[in-house]
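Here is the structure we will look at.
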Amino acid sequence: MDNILIIGAAGQIGSELTIALRNIYGADHVFATDIKHLPQDIMEGGPFQLLDVMDDKRLIHFVIRHKITQIYHLAAVLSGNAERIPIQAWNINMDSLMNILDLAKEVPEIRKIFWPSSIAVFGPTTPRDNTPQFTVMEPNTVYGISKLAGERWMQYYHQRYHIDARSIRYPGLISYKTEPGGGTTDYAVEIFYDAIRHGLYECFLSEDTALPMMFMDDAVKSTIQLMEADASAIRVRSSYNLGGISFTPKQLAAEIIRYIPDFKMTCKPDFRQAIADSWPRSIDDSVARRQWGSTCSYSLGDMTRIMIEEVRKKIKAKD
Ligand code: SER
């Protein structure tokens, strides 16, 4: 039986992936960990431990004590925050990944690991439309540089030590359960809270900035699909492109107006505009679809309807 360790279970992806994995593997087999406390349902729904991925000694004890066989390492400093603290962000993003890769090398019971990469691995010299799986990669953000270096290390550990390392380059993730923190694509989540609360949103990107995005249900489904695929099908050991939906702030605002007719968005681009301008506008994920059958089903319309419904419920429950 597999025992799964989730690092960063309190985060935007972790809080949803933990629940999905507990439904598949049984609550007692999915160990949620983070450096902070988790939302109530995760803390009460199965084992939880405060654990810092930078603490390699505690990490190895934890893995051995709980007979961990799979690790999802989701903790990271995102793009916007990383530009504020470049060296710390580099250290956190890289050292934590190296701790996990080394652990997988030292503990043979660990069968596979998942680590997310990002569209941030691409840069201003990358073709921006339908960005291919294999292309020019010259990221100019700390976050992107750390993700690209991480991808190379994933590939290296697979090649050299036969670690079953698997990864997805997530686009911007949109969800209502846990808000993201410090990313460039975060506007696409913030906008729903401000639209519902105030009917008004000031976007930190210009209205025509197209970026690839994905609804969380699709991201969770694809991640589990990748992890459950036969190892022989996974031929890319750096990280897979995953497309989702591509839209601009203006297009998202137009969808929101269908539910909140008086909604107004203004744009005041800040330093994150330059980050967005260096990233793809849309992604070609045909390699992932061919090799392990990744499928994304939510459109911009589906995603907006669900976000409006769920964020409304959440805000109502809080007030
Ligand atoms: N959503 C992330 C960010 O904006 C990209 O991976 O930093």
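D for the range 220-319, whole µm²/s, Stokes-Einstein with Kirkwood Rh over alpha-carbon pairs at 37 °C and 0.692 mPa s: what number? If you can, show how the numbers build up before the last one.
On the way: Rh = 16.6 Å.
For the chosen part, D equals 198 µm²/s.
Could you work out the Kirkwood radius for the range 234-286, taking every pair of different alpha carbons, averaging 1/r and inverting it, reported in Å? Write out the running numbers ahead of the final one.
Details: mean 1/r = 0.0712 Å⁻¹.
In the range 234-286 this quantity evaluates to 14.0 Å.
Could you please tell me the mean projected area of the C-alpha convex hull for the range 18-79, averaged over all directions and given in square nanometres to one decimal? Let's see the in-between values first.
Numbers: hull surface 18.8 nm².
Averaging across all directions leaves 4.7 nm² for the Cα convex hull.
Contact order normalised by length for the chain, with contacts defined as Cα pairs under 8 Å and 6 or more residues apart; what percent is it? Intermediate results must be reported in sequence, preceding the final value.
Details: 615 pairs, mean separation 57.9, N = 319.
Normalised by residue count, the contact order of the chain is 18 percent.
Summarise the accessible area of the range 1-67 (1.4 Å probe, protein heavy atoms) by the percent that is carbon and sulfur. Don't skip to the answer; put the middle values down first.
Numbers: 1760 of 3230 Å².
Of all accessible area on the range 1-67, carbon and sulfur atoms account for 54 percent.
In degrees from 0 to 90, rounded to the nearest 10, what is the angle of the helix 187-198 Cα long axis to the longest principal axis of the chain?
Roughly 50 degrees between the two axes.
Need one value: the accessible area of Y156 in square angstrom, 1.4 angstrom probe, rounded to the nearest 10.
Rounded to the nearest 10, that gives 80 Å².
What are the ³J(HN,Hα) values, in whole Hz, obtained from phi via the Karplus relation 6.51 cos²θ - 1.76 cosθ + 1.60 with θ = phi - 60°, for each residue of the range 171-183 in sequence order, with x given for Gly and Pro?
x, x, 9, 10, 7, 10, 6, 10, 6, x, x, x, x
Quick check: at a probe of 1.4 Å, how many percent of the accessible area of the range 138-255 sits on carbon and sulfur atoms?
Values: 1850 of 4000 Å².
So the carbon and sulfur contribution to the accessible surface is 46 percent.
Using 18 Å as the Cα-Cα cut-off, could you pick out the over-long pairs in K177/K314; K177/K313; K57/K112; K67/K105; K177/K316?
Details: K177/K314 9 Å; K177/K313 11 Å; K57/K112 20 Å; K67/K105 15 Å; K177/K316 14 Å.
Check vs 18 Å cut-off fails for K57/K112.
For the range 22-181, taking Cα atoms only, what is the radius of gyration to one decimal and the Dmax to the nearest whole Å?
Every Cα atom of the range 22-181 included, Rg and Dmax give 16.5, 47 Å.
If you bin the C-alpha pair distances of the chain every 10 Å from 0, what whole percents do you get?
Cα pair-distance distribution for the chain, in percent: 6, 27, 36, 23, 7, 1.
Just to check I understand the Karplus step: with θ = phi - 60° and J = 6.51 cos²θ - 1.76 cosθ + 1.60, what whole-Hz values come out for the range 38-51, glycine and proline as x?
9, x, 3, 4, 7, 5, 8, x, x, x, 9, 9, 6, 8
Under the rule of at least 5 residues apart or a separate chain, name every residue whose amide H is placed under 5 Å from the amide H of F122.
Counting only residues 5 or more places away or on other chains, the set is empty.
What is the Å³ per residue value for the convex hull set by the Cα atoms of the range 96-228?
134 Å³
5 Å is the cut-off here: which amide hydrogens, built 1.01 Å from N in the peptide plane, fall below it relative to F31, excluding neighbours closer than 5 in sequence?
For F31, whose amide H was placed from the backbone, the distant partners under 5 Å are I4, L5, I6.
Non-local amide H neighbours of L242 (under 5 Å, H modeled in plane, Pro and chain starts lacking H): which ones?
HN-HN under 5 Å from L242: R169.
Can you sort V136, V287 by solvent-accessible area, 1.4 Å probe, largest first?
Working: V136 70, V287 20 Å².
Reading off the accessible areas and sorting them downward yields V136, V287.
So what J values fall out for the range 18-34 if you push phi through Karplus, 6.51 cos²θ - 1.76 cosθ + 1.60 with θ = phi - 60°, rounded to Hz, Gly and Pro as x?
Values per residue, Gly and Pro as x: 4, 5, 4, 6, 5, 5, 8, 9, x, 4, 5, 9, 10, 9, 8, 9, 6 Hz.
Let me have the relative contact order for the range 1-94, percent, based on Cα pairs under 8 Å that are six or more residues apart.
Working: 137 pairs, mean separation 30.7, N = 94.
Once divided by the residue count of the range 1-94, the mean separation gives 33 percent.
As a test, work out the antiparallel percent of DSSP beta bridges whose residues both lie in the chain, rounded to the nearest 5.
Percentage antiparallel, nearest 5: 10.
For the range 61-138, state the average projected area of the convex hull of the C-alpha atoms over all orientations, rounded to one decimal in nm². Let's see the in-between values first.
On the way: hull surface 26.8 nm².
Projected area, direction-averaged: 6.7 nm².
What accessible area per residue, rounded to a whole number of Å², is obtained for the range 181-319 using a probe radius of 1.4 Å? Present the calculation step by step, with values, prior to reporting the outcome.
On the way: 5880 Å² over 139 residues.
Spelled out: the 1.4 Å probe surface of the range 181-319, per residue, equals 42 Å².
The values are calculated or read from the model by the stated rules, or taken from the named source; none is laboratory data. Please read all numbers here as calculations on a predicted model, not as lab measurements. Calculation scope for accessible area: heavy atoms of the full protein, side chains included, ligands and nucleic acids excluded. Shrake-Rupley method; radii C 1.70, N 1.55, O 1.52, S 1.80 Å.
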